[in-house]
4 protein chains.
Amino acid sequence: MAHVLGQNQYGKAENRIVRVYRDSTRHEIKDLNVSVSLRGAFEDVHLTGSNANCLPTDTTKNTVYAYAKEHGIESAEGFGVRLARHFVEDTERGVVHSARIRIEEYGWERIRTPDSSSRFIGSEEVGHSFVRKGQEVRTTEVVYDGDRFRVVSGLKDLVVMNTTNSEFWGYIKDGYTTLQEAYDRILATQVTARWAFGFHGRDGEPEPNWNRSYQQVRRHLLEAFAETYSYSLQQTLHAMGTRVLNNRAEVDEVRLELPNKHHFLVDLEPFGLKNENEVYFAADRMYGLIEGTVHREGVTPVIPVS
Amino acid sequence: MAHVLGQNQYGKAENRIVRVYRDSTRHEIKDLNVSVSLRGAFEDVHLTGSNANCLPTDTTKNTVYAYAKEHGIESAEGFGVRLARHFVEDTERGVVHSARIRIEEYGWERIRTPDSSSRFIGSEEVGHSFVRKGQEVRTTEVVYDGDRFRVVSGLKDLVVMNTTNSEFWGYIKDGYTTLQEAYDRILATQVTARWAFGFHGRDGEPEPNWNRSYQQVRRHLLEAFAETYSYSLQQTLHAMGTRVLNNRAEVDEVRLELPNKHHFLVDLEPFGLKNENEVYFAADRMYGLIEGTVHREGVTPVIPVS
Amino acid sequence: MAHVLGQNQYGKAENRIVRVYRDSTRHEIKDLNVSVSLRGAFEDVHLTGSNANCLPTDTTKNTVYAYAKEHGIESAEGFGVRLARHFVEDTERGVVHSARIRIEEYGWERIRTPDSSSRFIGSEEVGHSFVRKGQEVRTTEVVYDGDRFRVVSGLKDLVVMNTTNSEFWGYIKDGYTTLQEAYDRILATQVTARWAFGFHGRDGEPEPNWNRSYQQVRRHLLEAFAETYSYSLQQTLHAMGTRVLNNRAEVDEVRLELPNKHHFLVDLEPFGLKNENEVYFAADRMYGLIEGTVHREGVTPVIPVS
Amino acid sequence: MAHVLGQNQYGKAENRIVRVYRDSTRHEIKDLNVSVSLRGAFEDVHLTGSNANCLPTDTTKNTVYAYAKEHGIESAEGFGVRLARHFVEDTERGVVHSARIRIEEYGWERIRTPDSSSRFIGSEEVGHSFVRKGQEVRTTEVVYDGDRFRVVSGLKDLVVMNTTNSEFWGYIKDGYTTLQEAYDRILATQVTARWAFGFHGRDGEPEPNWNRSYQQVRRHLLEAFAETYSYSLQQTLHAMGTRVLNNRAEVDEVRLELPNKHHFLVDLEPFGLKNENEVYFAADRMYGLIEGTVHREGVTPVIPVS
């Protein structure tokens, strides 16, 4: 029975936390989903039933909530850095060799009310009412191995569409080809993006401005999608990744997963109508799936391939 | 075998349609999910295997796409009115006695790019690039029975939160009570709202401005949620419904389904920390579910109860 | 502001409960999702902010868990009957006029192991290990208004397919028809069924054998689907409902919602292949949706229409 | 702008295919979801807008359907091997260097009807009616690089529970510990398993009996879960992986992802009841997540870590 215990990891996943700041009547909120995963000296836990080296997943959960109080949540990335460092450096007997913190963040915006001050007793401004944005989910993954950090942030569920400036032709034809070439098609996708930072957190290296970075990367992804005249979704992918690298020095690598959300032109001829690129059937499945990485020269890519 | 065929209906559900308007370089899009359901003289279809009275669901689908071209989509409600009328009035032999059109609409907004004109050859403005809003889904249900229309519009998946101005106390205590009274709690819910219009479409009655009506109802729901000092989610529900009736004459009835998305204060005392309404666990299930109707006096409610 | 508070109800939804019976080493489990909804004298809760008549949703949740211990869970229906009676009859001041209990039940089966007794110390049989069936979800809804019960049970997510014995032709043709008639097609659907019992629980009327009833109704639905030579999904629906009424005296009414899960024959001619009803594309959306009720003569249908 | 195009891949995802065998009146079906992903010489597609080296995702889809006819589907793995080989070896100009085929398979079983032959005209047996099993989903991933195959099969969504024989104590305590030690708890998880085969397909190496292998691996996973007296979910994981390696020579490596689906004992003391491990609240989130690999000595693990 020469079997080997290979890579293993564990922790509490999907700790849903809302942190409220009440420093003024204009409250602030952070809404996160935090998952902890630890790697280390856990052979005995698997092999002998001894849990002497096991930090319970319940404790990792408690730590997340306690840290939200003790240290606050300035950004998902900053919170992740702090948590990862704790698990590696503070856990007894050095059993945690590496910690990974994954966070999803859900955006909220204030509910605006006209002339709200006059409707309340006194003149309190409505600073405690929020509506969830519901657009993309912001993501980050922080890994710390006791020596350096690796931070990969991202977003998902950002759905975009160009109604023109997209073509697709000149491709390989073989015995299984039926696709007609397209010279003006809809291009739509649901963006999943991840980007790796040059930051490693050694020798007092300061953290980037994570929140500003996020807003700017998101902006450049959208702009590149909108402004690229596309001959394939691959080309658009490349333009999006390149745009981020060109504009954000703190980012070394971008990886995109772009499902090609097909919009099929409906044949209206049987009804005596001409469909001049006006009426589309939006299909669920199947879909094209285009994935790719763009990175700076000399940098070793770290974002895993699906 | 004295069994009776009772209520029955059928049609094509979830026809996903994107309609593009290309009248200028500033395109417009409508993104709908349309479900058709017909009621009528369909006994034979069930009982004898004769389909002589059956308008195939496939044909109802084709009609949706053809109508999007022929008549355009000014609003979900207007499109539903037109489709419902067609199925009842135009189907052969009068077999369709009543038609119901349900529509979900997904909102999009333009991608804004700074100074975009200068980046393109020529000076074409970026009027063809969109990002899905992702917030609430707009809904409508139009029923036409050959005599009058009944239109019930709504929204769903609109998630809101008040971080204060919510209490809950003074309730019944019995042998199964453990809940502590709360004098300052988070109130969060995911709004599902439906509202019925006075419009019936007889004798040339003009249609309301559906799109403006939607924007205003949505606004009043949000404002009432934000501005109500709440002693129960029921009270907030009532305030939201009343606010709409007070402000929108075209609406006769409002029904709300408000899950109480619990945010539990995390006990941090074991860690020597005091949680001053700052750190919450956002629970998935179970949840309170509060449902209710507010309507104008003298009006018979038409929105079904779940 | 002559606005009226109409129908309203509230309670704790989706209480997930697992009940274990350990009377022998052969354990038994029940896995339920229970939702409580109360109707009654709740005007003040909505209008004045007084919660004097409000039984908190938290208390309804506690009651569910306590009853699982006190009374056990013999069947979902029986558990619902007991809970509904409690909320109406035992709540202070008679404020609850009607209670509705909805339950989803998830089936489990034992994990079978060969000769398991010999592998354990002693000879304990493996009577504590289960795998979730994962097929249909069993449902029930019990309503009690202080006078009589109304019990509607059902199932959902039961996916079935006939690979032949299904035709569809002879239907209405109009200007929007493109569908080809079919003389041998796949018929597949995801069954949602609900059936109402004659049981009302007055004057010591005994409860039906709920568990046996469920197993038999499920069996007749499947058999009718399998054995019906179908000229439309409507016809199959009618056969399924009728079969249940013919065989189960305790059931007065059956309603079925049958999405027509389309399987489109793939055109393989461009590749020099003939598709003899062998290769299909299984579509997600759009789909036909066929709904209908069959009931005994003289019985007033009670199952709501969607 | 020294940016590098890194790893990239594309193809048609989620091709839903149902293949029917009608060789006798006892039909057979295969129900698959097939995703194709190609890697190769696609720089130009990304960088220049030339699609000369691009095999359209639409063509990869057509090929899946055509192959289902031409070659049939004996097993998901065998179908994947054939498809992967085709894309690498048959695509023009050798542009595809590696192909990955991912398949999900949904199980079906026959609908049994008592004495069905006598109910039909003639005596045709009901061999064409199926109900979807709905339990686990079978998975496979086949990668071919022109030299060797790598096949990783698996399953997901298999939910299991032990109602006893599970303890958890003796773990690390720190300032964030609140968990009570447990000497008899419920252990429940939703198994995601993947296992790698020694098969590489070179030099005429015959394929394993994929279907038999799947059934046996599944059986050993279930048995090991049922029969392991557990001091941690990690220990159970290790036992499950080891059991497969001990019994299935064709498997070299097993990786398991086991969410700890928490069942919390409900405190019934406030109601004067004693909860003797009978009534549990089944939580959704958060959950522990335990992941790990067991492999044969001397074998390099190939299953990616999440």
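The values are calculated or read from the model by the stated rules, or taken from the named source; none is laboratory data. Just so we're clear, the structure is a prediction, and the values are computed from it rather than from any experiment. Here Cβ is always computed from backbone atoms with ideal geometry, including for glycine, and neighbour counts include all displayed protein chains. Protein only, heavy atoms only, side chains kept; ligands, DNA and RNA dropped before computing areas. Shrake-Rupley method; radii C 1.70, N 1.55, O 1.52, S 1.80 Å.
Things to note:
- With respect to (1) of a type outside the set (D, E, K, R); (2) within 18 Å of A:Val137 (Cα to Cα); (3) open to solvent by 40 Å² or more (accessible area, probe 1.4 Å), the lone exception for A:Ala76 is condition (3).
- Of all residues making up segment C:34-52, the number that are open to solvent by less than 10 Å² (accessible area, probe 1.4 Å) and not small (Gly, Ala, Ser): 7
- Some residue of segment C:267-282 being in a strand (DSSP E or B), within 29 Å of B:Val302 (Cα to Cα) and open to solvent by 40 Å² or more (accessible area, probe 1.4 Å): no
- A:Gly292 being small (Gly, Ala, Ser), in a strand (DSSP E or B), within 20 Å of the chain's Cα centre (by Cα) and modelled with pLDDT of 95 or more: yes
- In the set (1) of a type outside the set (Lys, Arg); (2) touching a residue at least 60 places away in the same chain (Cβ under 8 Å); (3) touching a helix residue (DSSP H, G or I) at 6+ places or on another chain (Cβ under 8 Å), the condition left unmet by B:Met240 is number (2).
- Within segment C:83-95, one or more residues are assigned to a helix (DSSP H, G or I), crowded, with 17+ Cβ neighbours inside 10 Å and charged (D, E, K, R).
- Any chance D:Leu245 is outside any strand (DSSP E or B), within 19 Å of the chain's Cα centre (by Cα) and in contact (Cβ under 8 Å) with a residue 60 or more places away in the chain: no
- Among (1) open to solvent by less than 20 Å² (accessible area, probe 1.4 Å); (2) part of a loop (DSSP other than H, G, I, E, B); (3) charged (D, E, K, R) - the single one B:Glu253 does not satisfy: (2)
- In segment C:54-90, residue farthest from C:Ser213 (Cα to Cα) [restricted to those that are out of contact with any Lys or Arg (no Cβ under 6 Å at 6 or more places or on another chain) and facing chain B (nearest Cβ under 7 Å)]: C:Cys54
- Considering segment A:174-195, and only residues there that are more than 12 Å from chain D (Cβ to nearest Cβ) and of a type in the set (Ser, Thr, Tyr), the residue that is farthest from the chain's Cα centre (by Cα) turns out to be A:Tyr183.
- Segment C:13-30: number of residues that are more than 14 Å from chain B (Cβ to nearest Cβ) and in contact (Cβ under 8 Å) with a residue 24 or more places away in the chain: 8
Here's the yes/no breakdown for (1) without any contact (Cβ under 8 Å) to a residue 40 or more places away in the chain; (2) hydroxyl-bearing (Ser, Thr, Tyr):
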| residue | (1), (2) |
| --- | --- |
| B:Val64 | no, no |
| B:Gly72 | no, no |
| B:Phe79 | no, no |
| B:Arg82 | yes, no |
| B:His86 | yes, no |
| B:Val95 | no, no |
| B:Ser98 | no, yes |
| B:Arg112 | yes, no |
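- Condition broken by C:Arg296, with the remaining ones in (1) touching a residue at least 12 places away in the same chain (Cβ under 8 Å); (2) within 30 Å of D:Asn33 (Cα to Cα); (3) surrounded by fewer than 21 Cβ atoms within 10 Å (Cβ to Cβ) satisfied: (2)
- Residues in segment A:205-241 that are within 14 Å of chain B (Cβ to nearest Cβ) and touching a Ser or Thr at 6+ places or on another chain (Cβ under 7 Å): A:Glu223, A:Phe225, A:Ala226, A:Glu227, A:Thr228, A:Ser230, A:Thr236, A:Ala239.
- Residue within segment B:42-61 that is within 22 Å of C:Met286 (Cα to Cα), under 23 Å from the mean Cα position of the chain (by Cα) and not in a loop (DSSP other than H, G, I, E, B) present: yes
- Enumeration of residues in segment B:228-241 that are open to solvent by less than 20 Å² (accessible area, probe 1.4 Å) and assigned to a helix (DSSP H, G or I): B:Leu233, B:Gln234, B:Thr236, B:Leu237, B:Met240, B:Gly241
- Some residue of segment D:263-281 being within 23 Å of D:Arg219 (Cβ to Cβ) and either among the aromatic types (Phe, Trp, Tyr) or at pLDDT 95 or above (or both): no
- Criterion violated by D:His262 - all others in (1) within 8 Å of another protein chain (Cβ to nearest Cβ); (2) under 25 Å from C:Lys12 (Cβ atoms); (3) open to solvent by less than 30 Å² (accessible area, probe 1.4 Å) satisfied: (1)
- Verdict on C:Arg285 being in a loop (DSSP other than H, G, I, E, B) and either facing chain B (nearest Cβ under 8 Å) or open to solvent by less than 30 Å² (accessible area, probe 1.4 Å) (or both): yes
- Residue list for segment D:128-158, restricted to those being aromatic (Phe, Trp, Tyr) and either touching a Leu at 6+ places or on another chain (Cβ under 6 Å) or within 14 Å of D:Gly80 (Cα to Cα) (or both): D:Tyr144, D:Phe149
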